[in-house]
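A short write-up of the structure that comes next.
Computed from the coordinates by the stated procedures, all read-outs in this text should not be read as laboratory data. What you are looking at is a predicted structure, and each value in this text was computed from that prediction instead of being measured. Cβ coordinates were reconstructed from backbone atoms using ideal geometry, including for glycine residues, and neighbour counts include every protein chain displayed.
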Amino acid sequence: MDKKELRNQYKTRVQTGGVYAIKNLTLNQWYVDTTADLAAAENRFRFFGSTHVKVERDYKAQNGVGFAFEVLEELKKKETQTEEEFKADLAVLKEIWLEKLGGQALY
């Protein structure tokens, strides 16, 4: 495959974003956020551990033990959606999840 073909494949892929949580299973606290690329967010967590300032202190104190990454809901970007519209939809989805998790301890 040449560079042009790889670039075209990247541009035409279906973008899947969503709402995810990083769970501190020891303290029973959740960090909830959105991303336009769920696979990338999960890879960052798997390879680098916590990349979020709010969670990092506990992550370091626990040597990365007792943390889990969970996809709460996926959302596929529509072909007609702009990036801004997609991010706005993700923000609404996050608010819905924060309401659902109202009794949960959050970072």
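Specify whether the C-alpha gyration tensor of the chain places it in the rounded, prolate or oblate class, a ≥ b ≥ c being the square roots of the eigenvalues: rounded for a/c under 1.5, otherwise prolate if a/b is larger than b/c and oblate if not.
Oblate, because a/c is 1.5 or more while a/b does not exceed b/c.
Sketch the reach of a paramagnetic label on LEU27 as a point 7 Å from Cα along Cα-to-Cβ, and name the residues of segment 37-59 whose backbone nitrogen lies under 20 Å away.
What the label zone holds, given the 20 Å backbone N cut-off, is 45-46, 48-59.
Pairs of lysines 8 or more apart, or on different chains, with alpha carbons under 22 Å: count those in segment 35-107, would you?
Within segment 35-107, the lysine pair count is 11.
For ARG46 and ARG13, compute 0.36 nm times the residue count separating them, minus their Cα-Cα distance, and round to one decimal in nm. Could you put the intermediate results ahead of the total?
Working: separation 33, 0.36 × 33 = 11.88 nm, distance 2.28 nm.
Net length gain for the segment: 9.6 nm.
Quote the charge dipole size of segment 15-106 about the Cα centre in Debye, to the nearest 20; the model charges only the Cβ of Lys and Arg (+1) and of Asp and Glu (-1).
Numbers: 12 positive and 15 negative charges, 81 e Å.
Using only the charged Cβ atoms, the result is roughly 400 debye.
Given the -39500 (n - 2.57) contribution per DSSP H run of 4+ residues, what per-residue ellipticity at 222 nm results for the chain, rounded to the nearest 500 deg cm²/dmol?
Working: 4 runs with 48 residues, N = 107.
Result for the chain, helices only: -14000 deg cm²/dmol.
Please report GLU42, GLU70 as a ranked list, fewest other C-beta atoms within 10 angstrom at the top and most at the bottom. Provide the component values of the computation, followed by the final result.
Values: GLU42 15, GLU70 12.
The fewest-first ordering by Cβ neighbours comes to GLU70, GLU42.
Relative contact order (percent) for segment 17-99, with alpha-carbon contacts under 8 angstrom and 6 or more residues of separation? Write down the numbers at each step before the final one.
On the way: 102 pairs, mean separation 35.7, N = 83.
After rounding, I find 43 percent.
Starting from the Cα of GLU56, step 7 Å along the direction of its Cβ; do the same at GLU84; then give the gap between the two resulting points in nm.
Between GLU56 and GLU84, the label points sit 3.1 nm apart.
Please work out the FRET efficiency for the pair ALA91 and LYS4, using the Cβ-Cβ distance as r and a Förster radius of 30 Å; give the result to the nearest 0.05. Walk me through the numbers before you get to the answer.
On the way: r = 35 Å, r/R0 = 1.16.
Taking R0 as 30 Å, the efficiency between ALA91 and LYS4 is 0.30.
Which percent, to the nearest 5, of DSSP beta bridges fully inside segment 11-107 are antiparallel?
Values: 16 of 18 bridges.
In segment 11-107, DSSP labels about 90 percent of beta bridges as antiparallel.
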